[in-house]
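Notes for the one structure printed next.
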Amino acid sequence: MSKSSKDLKWISAVCTLALAGSVIAGCSSSKGTDSNGAASNSNGNSAGPVKITVMADLQSPEVPSDKIEKLLEQKTNSELDIQWVPDGSYDEKFQAAFATGSLPQVVYLKNQASFILMRDAIKNGQFWEVGPYLKDYPNLKNLDPKVLKNTEVGGKIYSLYQERQPARSGLIYRKDWADKLGIPAPQTVDDLYNMLKKFKEADLAGGGKTIPLADRNDLVYGSFKTVSMYFGTPNGWGVQDGKLTPEFMTPGYMDTLKFYKKLRDEGLINQDFPVTSKTDQQNLMYTGRAGAYIGTMGDVKTMQEKTEKNIPEAKFDVVNEIKDKSGKNITWGLPGYGTVVLFPKSSVKTENDLKNILNVMDKFYSPEVANLLKYGVENEHYTMKDGKVLPSTDSKLIEKEVRPYLNMALYETTNITPSFYTLPVAEKANTLSNAAAKFMVTDPTVSLDSKTYNEKGARLQDLIKDATYQYVMGKIDDAGYQAAIKKWQNDGGQKIIDEFNEQYKSVGGK
């Protein structure tokens, strides 16, 4: 169905409640009827289209046209009412709808942090447990057990997951700058520092405006977390003296703080990176002011295309095989998913309704639908070349009709037709990301649960984030940083440590 700009507005909880109350076709253990009396069978195969309300994160400027939505409905035997919520207000709108019991029937959480915030509500029975049903569907039964394990809450599976390449972080840098200065691809953190220093000294952007490393206000998906791994910092939590310890209490994190303070003091990073948005960070690359960017290596495709429009000679390269102090390649890894999909009991009223919805969601994992959500429509949004997908060069068309649906796609690589890479460095980024799964470090607390962390973790983490930036900017010293850690512990952090360690031992952690 067509959408207009009014879909961007969450006018009131009453309107949302009305949408969330849309009933869907259901099924019984044999043959039965759904909430509207339509016939259905035990696996949720409704005789007619299944009506479903969906809440999805909109990361593009406009609500997409309904071209792909109509095809999606045809391929999944559904009638979808998609509530597109702008990315910047997604968490706020989600929490408002949850508080009023007006969530739609299918809700995509924005990220892992949002998932963690919902753990208590999940354990309190406000969302359906889906684990026991997965075996009954052709695609759901083939979901990766390891990734499903990472989504467990209290040992049970309540969600479907959105597949994500686990180890995608690395360095994107101006190869034409490096070649001009005779700098090889960095292999250690010292090599990285020397590259940035030479970029600064050569002032290749001109006019004293060169920014060697462009960064942003994100300690995870910006550069900080990736670089911290080179100093031996664990991913989130690590084992120290036989106990789980948060990363910011380890020597490696402290070394990273000192390294970033040095970068800032020497002008090797944008001075205002603690308040720089991702858009502004990337614009520093696109306009030729910056020479290096640390984050998702797949960003190199857009970076090359946009930068060469301003600087035709610009060439980028990527690297992620950078060694830690012990001489081993290292990077941090995701738990195999970017976000999850939940089914609120406030809007999914019966088991029959749930089965019908799962029957539709099962098709999201099929090759046909997975390709539709990722690439769009053949001969409109892409063509085939050598058995691979060659996306259209019409970026405005892709932005308007395809990109929003990427956030609804559940598979990223599995059951997906491979892309044809017209840009070799983009293919290299994908290859390096896949290979990095062999040396990535994962967070041992992903499947553990701490009541205190669920309640206070996000607020407490802000203490550490603020202290990290204050240290780098020279506003506090070592003692000031340790005082922030002490406050974190006293305000509930120590309880988080104790609760995680208690669970860690119970599942065989040492």
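The values are calculated or read from the model by the stated rules, or taken from the named source; none is laboratory data. Since the structure is predicted, the reported quantities are computational estimates derived from the model, not experimental observations. Ideal geometry is used to build each Cβ from the backbone, glycine not excepted, and the neighbour counts take in all protein chains shown. All accessible areas refer to the heavy atoms of the entire protein, side chains included, with ligands and DNA or RNA removed. Shrake-Rupley method; radii C 1.70, N 1.55, O 1.52, S 1.80 Å.
Quick grid of which residues meet (1) part of a helix (DSSP H, G or I); (2) open to solvent by less than 10 Å² (accessible area, probe 1.4 Å); (3) farther than 21 Å from Glu427 by Cβ:
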| residue | (1), (2), (3) |
| --- | --- |
| Val340 | no, yes, yes |
| Val348 | no, yes, yes |
| Lys355 | yes, no, yes |
| Asp362 | yes, yes, yes |
| Leu373 | yes, yes, yes |
| Glu399 | yes, no, yes |
| Pro404 | yes, yes, yes |
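Only one of the numbered conditions (1) under 30 Å from Pro367 (Cβ atoms); (2) in contact (Cβ under 8 Å) with a residue 24 or more places away in the chain; (3) open to solvent by less than 60 Å² (accessible area, probe 1.4 Å) is violated by Lys149, and that is (3).
In a residue-by-residue description of segment 152-166, the property of being of a type in the set (Gly, Ala, Ser) and open to solvent by less than 30 Å² (accessible area, probe 1.4 Å) applies to at least one position.
Comparison of Tyr193, Tyr221 shows that the only residue that is of a type in the set (Ser, Thr, Tyr), closer than 30 Å to Arg459 by Cα and surrounded by 16 or more Cβ atoms within 10 Å (Cβ to Cβ) is Tyr221. What do you reckon, is Leu192 among the aliphatic types (A, V, I, L, M), at pLDDT 95 or above and in a helix (DSSP H, G or I)? Yes.
Of all positions in segment 121-134, none carries a residue that is charged (D, E, K, R), touching a Leu at 6+ places or on another chain (Cβ under 8 Å) and at pLDDT 95 or above. A count restricted to segment 421-461 and to residues that are without any contact (Cβ under 8 Å) to a residue 60 or more places away in the chain, of a type in the set (Ser, Thr, Tyr) and either over 20 Å from Ile294 (Cβ atoms) or surrounded by 17 or more Cβ atoms within 10 Å (Cβ to Cβ) (or both) stands at 4. Which residues, taken from segment 232-262, are within 24 Å of the chain's Cα centre (by Cα), open to solvent by 20 Å² or more (accessible area, probe 1.4 Å) and among the hydrophobic types (A, V, I, L, M, F, W, C)? Of everything in segment 232-262, just one residue is within 24 Å of the chain's Cα centre (by Cα), open to solvent by 20 Å² or more (accessible area, probe 1.4 Å) and among the hydrophobic types (A, V, I, L, M, F, W, C), namely Trp237. Filtering Thr468, Thr445 for residues that are in a helix (DSSP H, G or I) and β-branched (Val, Ile, Thr) leaves a single hit, Thr468.
Within segment 289-332, work out how many residues are under 29 Å from Phe231 (Cα atoms), open to solvent by less than 70 Å² (accessible area, probe 1.4 Å) and either among the polar types (S, T, N, Q) or not in a strand (DSSP E or B) (or both). Number satisfying all stated conditions: 13. Residues in segment 50-97 that are in a helix (DSSP H, G or I) and under 22 Å from Val348 (Cβ atoms): Glu69, Leu72, Glu73, Lys75, Thr76, Tyr90, Asp91, Lys93, Phe94, Gln95, Ala96, Ala97.
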